[in-house]
1. Does Phe33 satisfy being in a loop (DSSP other than H, G, I, E, B) and not β-branched (Val, Ile, Thr)?
2. Can you confirm whether the stretch 46-56 contains a residue that is part of a helix (DSSP H, G or I), closer than 30 Å to Phe12 by Cα and not basic (Lys, Arg)?
3. Is one or more of the residues making up the stretch 54-61 touching a residue at least 60 places away in the same chain (Cβ under 8 Å) and among the charged types (D, E, K, R)?
4. Quick one: would you say Ile29 is farther than 25 Å from Lys80 by Cβ, modelled with pLDDT of 90 or more and not polar (S, T, N, Q)?
5. What pairs can you find where one residue is in the stretch 5-22 and under 12 Å from Ile75 (Cβ atoms), the other is in a helix (DSSP H, G or I) and open to solvent by less than 100 Å² (accessible area, probe 1.4 Å), and their Cβ atoms are less than 7 Å apart, with a gap of 6+ or different chains?
6. For residues in the stretch 1-58 being of a type in the set (A, V, I, L, M) and more than 18 Å from the chain's Cα centre (by Cα), which is surrounded by the fewest Cβ atoms within 10 Å (Cβ to Cβ)?
7. Select from the stretch 62-80 the residues that are touching a residue at least 12 places away in the same chain (Cβ under 8 Å) and outside any helix (DSSP H, G or I) and write down the one among them that is farthest from Val28 (Cα to Cα).
8. Just need a number here: residues in the stretch 62-80 that are of a type in the set (S, T, N, Q) and either buried (at least 18 other Cβ atoms within 10 Å of the Cβ) or within 16 Å of Leu23 (Cβ to Cβ) (or both).
Amino acid sequence: MKNNTETPKQEFLFDTINYKILLVGIAVIAIGFILMSGGASEDPNVFNEEIFNFRRIRLAPTTVLIGFGITIYSIFKKSK
């Protein structure tokens, strides 16, 4: 006799497009943190002005915030 019980199909929480957008957002956040790095001084007694350049003060934090926005969008995007 054949058993008619079907195993329930496992569904993911999001569609594949949501996961792709999420990975793009995480990559953008990582790029922002990479842009923030550097600017260390060879001698700890000498101050290095490189930590206050445009890349570390404006570009990197903006990139991180855009990455967070992308990840939030991927979470709230409706599935079709």
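1. Working: in a loop (DSSP other than H, G, I, E, B): no; not β-branched (Val, Ile, Thr): yes.
Criteria not met by Phe33.
2. Going through the stretch 46-56, the residues part of a helix (DSSP H, G or I) turn out to be 49-52, 54-56.
Still in the list and also closer than 30 Å to Phe12 by Cα: none.
Checked against the condition, which is being part of a helix (DSSP H, G or I), closer than 30 Å to Phe12 by Cα and not basic (Lys, Arg), the stretch 46-56 yields no hits at all.
3. No; the residues of the stretch 54-61 include none that is touching a residue at least 60 places away in the same chain (Cβ under 8 Å) and among the charged types (D, E, K, R).
4. Working: farther than 25 Å from Lys80 by Cβ: yes; modelled with pLDDT of 90 or more: yes; not polar (S, T, N, Q): yes.
When the stated conditions are applied, Ile29 passes them.
5. Close Cβ pairs (under 7 Å, with a partner that is in a helix (DSSP H, G or I) and open to solvent by less than 100 Å² (accessible area, probe 1.4 Å)) amount to Asn18/Ser74; Ile21/Ile70; Ile21/Ser74; Leu22/Thr71; Leu22/Ser74.
6. To start, the set of residues in the stretch 1-58 that are of a type in the set (A, V, I, L, M) comprises 1, 13, 17, 21-24, 26-31, 34-36, 40, 46, 51, 57.
Retained after the next criterion (residues that are more than 18 Å from the chain's Cα centre (by Cα)): 1, 13, 40, 46, 51, 57.
Values: Met1: 3, Leu13: 8, Ala40: 9, Val46: 7, Ile51: 13, Ile57: 12.
Out of the qualifying residues, it is Met1.
7. Lys80
8. Going through the stretch 62-80, the residues of a type in the set (S, T, N, Q) turn out to be 62-63, 71, 74, 79.
Filter once more, so that each one left must be either buried (at least 18 other Cβ atoms within 10 Å of the Cβ) or within 16 Å of Leu23 (Cβ to Cβ) (or both): 63, 71, 74.
Result for the stretch 62-80: 3.
The values are calculated or read from the model by the stated rules, or taken from the named source; none is laboratory data. Model, not experiment: these values are computed from the prediction. Glycine gets a Cβ as well: all are built from the backbone with ideal geometry, and neighbour counts include every protein chain shown. Keep in mind that these areas ignore ligands, DNA and RNA; they rest on the heavy atoms of the full protein, side chains included. Shrake-Rupley method; radii C 1.70, N 1.55, O 1.52, S 1.80 Å.
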